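Asks: This structure is in structure tokens; I'll ask about it shortly.
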Amino acid sequence: MTQRDKASHATSALSESSIVRTVAELAARRITRKVIKEPRQMTDTMSGDDSELKTTWDEICAQVQYEESFHWDAYDHTVRAGVRPHWRASEA
């Protein structure tokens, strides 16, 4: 890589769009961690007492990886409801 290429690469790494993208990615990761925390603590599951799935998050993960159940809309609502307050807070 030439000096000019290196300078160009360094400049593009500091461009407005790359800075905004980096900030957005960091915010998204932070919101994701916060949103996942709540269903991981929820032990009232819909999969039954004999299930190996112990938390709502376990159920959501199983359905994303395998097949959506009849209850998918409830899980989807749970995740979306968890995202809203964090999304709104990030807009402030």
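Asks: Kirkwood Rh, the range 3-91, all Cα pairs: how many Å?
Replies: For the range 3-91, inverting the mean 1/r across all distinct Cα pairs yields 15.7 Å.
Asks: Given the peptides 39-51, 59-71, arrange them by the average over their residues of other C-beta atoms within 10 Å, most packed first.
Replies: 59-71, 39-51
Asks: Tell me, what HN-Hα J-couplings in whole Hz come from the Karplus equation 6.51 cos²θ - 1.76 cosθ + 1.60 at θ = phi - 60° for each residue of the range 25-39, using x for Gly and Pro?
Replies: Working through the residues one at a time gives 5, 5, 5, 4, 5, 5, 5, 4, 4, 5, 5, 5, 4, 5, x Hz.
Asks: How large is the dipole of the range 33-91 about the Cα centre if only Lys and Arg carry +1 and Asp and Glu carry -1, each at its Cβ, rounded to the nearest 20 debye?
Replies: 580 debye
Every read-out reported here was derived from the displayed coordinates using simple, explicitly stated rules and does not represent laboratory data. Values in this document were obtained by computation on a predicted structure and should not be read as measured data. Positions of Cβ are generated from backbone atoms using ideal geometry, with glycine treated the same way; all protein chains shown enter the neighbour counts.
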